[in-house]
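Remarks on the structure that follows.
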Protein chains: 2
Amino acid sequence: LRSEYSKSDQSFLRLYNKKKLLNILRERGALSRVELAEISQLDRKTITNIVNEMLDDRQIVRQEMRQGSFGRPREMLARNADYGRSMGIDVGGTHITVAVLDFMGNLLSHVPLDLEDHGEPEGVLARCDDAVKTALAHAGLGMEHMEGIGVAFPGHIDPMTGRPALAESMPKWQNLSVPELFSRRYGKPVQAGDCSMLMAMAELWFGKGRDCKDFMVFDLGFGIGCGIVINGSIFAGCNGKAGEIGHTIVQVNGPTCKCGRRGCVEALASGWAIAKRGQEMIRANPSGILAGLCQGGSGVSSREIAMAAAAGDEGCRGLLIQAGETIGIGVANAMSLFNPMRVIIGGRLIIDNELMLGQIKRTIREKTIDVVYNDADITVSGLGQLASAMGAAAMCFEHYYV
Amino acid sequence: LRSEYSKSDQSFLRLYNKKKLLNILRERGALSRVELAEISQLDRKTITNIVNEMLDDRQIVRQEMRQGSFGRPREMLARNADYGRSMGIDVGGTHITVAVLDFMGNLLSHVPLDLEDHGEPEGVLARCDDAVKTALAHAGLGMEHMEGIGVAFPGHIDPMTGRPALAESMPKWQNLSVPELFSRRYGKPVQAGDCSMLMAMAELWFGKGRDCKDFMVFDLGFGIGCGIVINGSIFAGCNGKAGEIGHTIVQVNGPTCKCGRRGCVEALASGWAIAKRGQEMIRANPSGILAGLCQGGSGVSSREIAMAAAAGDEGCRGLLIQAGETIGIGVANAMSLFNPMRVIIGGRLIIDNELMLGQIKRTIREKTIDVVYNDADITVSGLGQLASAMGAAAMCFEHYYV
């Protein structure tokens, strides 16, 4: 028993070290064995053994030799882009986004799709099929080339049942096992996770979190969430539900939220809350700029409201500024609790919405205590609407490739 | 160079392993070598080497043999209570508390002291001398028996300058180096830290955090803060300032806080905010119950307000209920962000204040989203006003003894 125990211990250690080297190569690009040993703090012999194993498995490949300032040229090692590909599917309240990545993290294709009706799971899945097909076609690949699928969902997924725990925007999904649903449909192993946490994963792998070990990503969209990275890892809390900033309360007796409470950030400033106010504005002023843009008001979303604000609709301007202020307070509160090194503002709500983004930044500056504000740099995500889908694909690499 | 490097590496590893074993012995009490090996996952040879070194150094001692169900009796090992003692001094806005601990974590003596005037550092330090003297006398020890002193301060202490960064309640301390001040006065090495983080450390070592790796402690007193434990360690954020729940905003355009912002939890519900409202109530109603208790109103604090509320003063009851609601919302918000396994409510504000404590618990229940609430148990600290002082003494053991 004893020797078996230490045998499994050793194979765990080897897996752990492989993961470590793959993460270093992802962060830093191609490196020599000497550089890998220095950065990983593993000894030369361990590096040699593991590197040889990974070369045999084709997880990594030899690249061109690089000539140092003296001595013989060093053989450079890199992740093997062709080792495998994964697909990320981000299923939101108003969109589906599919991204296909290779093992280097290169984006091979991506398809963003708007959802009109997010009510019936069957309808959403049918739209998903379209996006998946198009994404594969763009990449010149088939589903057989995918090692696995990652699904980003708005809200925590119970790891035992696979059911979404907090997807108030998609109530008809709450008794379904998300991984099972997708796994059956596409015949692939599926991992599912919260879209805000996966957005943080995308920033960590591909975005503005690459050079930072402690940051928060604010996922501003139809719902509002945040992803937290502490010491280079996603922080999920004791049971996977950390980061529920959308349900922090900033206005006692404020408007009612989908969670049943009042004055949550999400009830005041999310995509759905803004759209709801927009509908009220159209009813109150059917000849206004917003009503004109929406041709009656059925299809109003935060996008039309941002367009109306840009066209001079004062009501829409006020709405976005107020929402920006609420979000800024929520971010400031989270910063006071976490003291992050970096804050990344992301999500679909701020795309083409400079008015709101500007107000968010101003409010963060005003409402965060100075000593905490001064520790952080505030930046905007460069991944746009692809973030959660890319994070979902990256999650697959963590699960199925290493 | 290479061999020196790995030499220092090994001595670091030995120190790390010693710390590990000492923490296991603190958590679990006396253990055999076999049990230590199992729990620590260190191999038998390493355990033997380190244990022998620690026995030689007298950090640990042999205890009575324990007869197992078969085989020869096992020698039990325990932390040596007499290996050293440390003193914790908690300097607050309205109190000084001194605690003396031995290396087992036994409380040898403690002195709580009220502060009338918390303005002039010299006056506070003179009162400190009294408390320190009394605590040593009660323990039958002298300062020469203390290995070090830990100071708990309301607010983050800058590790470079030793200056408090967020002690708005004690503005005259802001240009002083806290560790230097105490170190000079008592001729001992001094570590200083934030009182809420040290309260979390006390719960981790001695209190309701002993059997839990992920919890939050809410430090409700003259100021309001929280201490966060993730995976068994204090979480301090990127720069030591995490946990500033007192400056999270729950009421836009609420009353002005000492930080200059409006509607912070601290401006609505801290000891100082409650005392301020109490003064206003006395001015408005000089013949009320509260005015009678305070004989004019100069000395009003949350304690008199709790007494007046218990005696039937409706204004005071309303004040405490409102403050409890605000704190409950702050706690609920923090829970939504951290998804903790346990919430420990502590601090001087809830001592003999069942009315407020009850409201805090009710509001946490009402205002936390169900899926997060259901993950946590909500409990009240058993360490009372001693928590931060005990945590400060424990911090010394971490720094000077291991």
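Looking across the stretch B:24-34, the residues that are surrounded by 15 or more Cβ atoms within 10 Å (Cβ to Cβ) and under 10 Å from B:LEU77 (Cα atoms) come down to B:LEU25, B:ALA30, B:LEU31, B:SER32, B:ARG33. Can you go through B:VAL402, B:VAL371 and tell me which one is assigned to a helix (DSSP H, G or I), at pLDDT below 95 and of a type in the set (A, V, I, L, M)? Step by step, each of B:VAL402, B:VAL371 is checked, and only B:VAL371 is assigned to a helix (DSSP H, G or I), at pLDDT below 95 and of a type in the set (A, V, I, L, M). Within the stretch A:243-256, the set of residues being surrounded by fewer than 24 Cβ atoms within 10 Å (Cβ to Cβ) and either touching a residue at least 12 places away in the same chain (Cβ under 8 Å) or touching a Pro at 6+ places or on another chain (Cβ under 8 Å) (or both) comprises A:GLN251, A:GLY254, A:PRO255.
Being more than 20 Å from A:MET104 (Cα to Cα) and either in a strand (DSSP E or B) or of a type in the set (D, E, K, R) (or both) is the filter here; which residues of the stretch A:29-65 pass it?
A:GLU38, A:ASP43, A:ARG44, A:LYS45
Taking the stretch B:283-320, which residues are among the β-branched types (Val, Ile, Thr) and surrounded by fewer than 23 Cβ atoms within 10 Å (Cβ to Cβ)? Within the stretch B:283-320, just B:ILE289 meets the criteria. One residue stands out among those in the stretch A:351-382 that are of a type in the set (A, V, I, L, M, F, W, C) and buried (at least 21 other Cβ atoms within 10 Å of the Cβ): the one that is farthest from the other protein chains (Cβ to nearest Cβ), which is A:MET356.
For the stretch A:106-207, the helices (runs of 4 or more DSSP H) that sit wholly inside it and include 1 or more residues that are in contact (Cβ under 8 Å) with a residue 12 or more places away in the chain, open to solvent by less than 20 Å² (accessible area, probe 1.4 Å) and of a type in the set (D, E, K, R) are A:195-206. Scan the stretch A:241-256 for residues that are under 26 Å from B:ARG342 (Cβ atoms) and more than 7 Å from chain B (Cβ to nearest Cβ) and the total you get is 1. Within the stretch A:229-273, the set of residues being part of a loop (DSSP other than H, G, I, E, B) and acidic (Asp, Glu) comprises A:GLU244 only. Scan the stretch A:338-350 for residues that are basic (Lys, Arg) and within 11 Å of chain B (Cβ to nearest Cβ) and the total you get is 1. When the stretch A:239-256 is filtered for residues that are among the hydrophobic types (A, V, I, L, M, F, W, C) and at pLDDT below 95, only A:VAL252 remains.
Restricting attention to the stretch B:208-240 and to residues that are away from chain A (no Cβ under 12 Å) and of a type in the set (D, E, K, R), the residue that is surrounded by the most Cβ atoms within 10 Å (Cβ to Cβ) turns out to be B:ASP219.
Annotation: of all residues in the stretch A:321-336 being crowded, with 24+ Cβ neighbours inside 10 Å and β-branched (Val, Ile, Thr), the one that is nearest to the other protein chains (Cβ to nearest Cβ) is A:ILE329. If you go through the stretch A:387-402 and pick out every residue that is surrounded by fewer than 24 Cβ atoms within 10 Å (Cβ to Cβ) and under 23 Å from A:ILE350 (Cβ atoms), you end up with 1.
The values are calculated or read from the model by the stated rules, or taken from the named source; none is laboratory data. Remember, predicted model here, so these are calculated numbers, not experimental data. In this analysis, Cβ positions are derived from the backbone assuming ideal geometry, glycine residues included, and neighbour counts consider all displayed protein chains. For accessibility, only protein heavy atoms count, side chains too; no ligands or nucleic acids. Shrake-Rupley method; radii C 1.70, N 1.55, O 1.52, S 1.80 Å.
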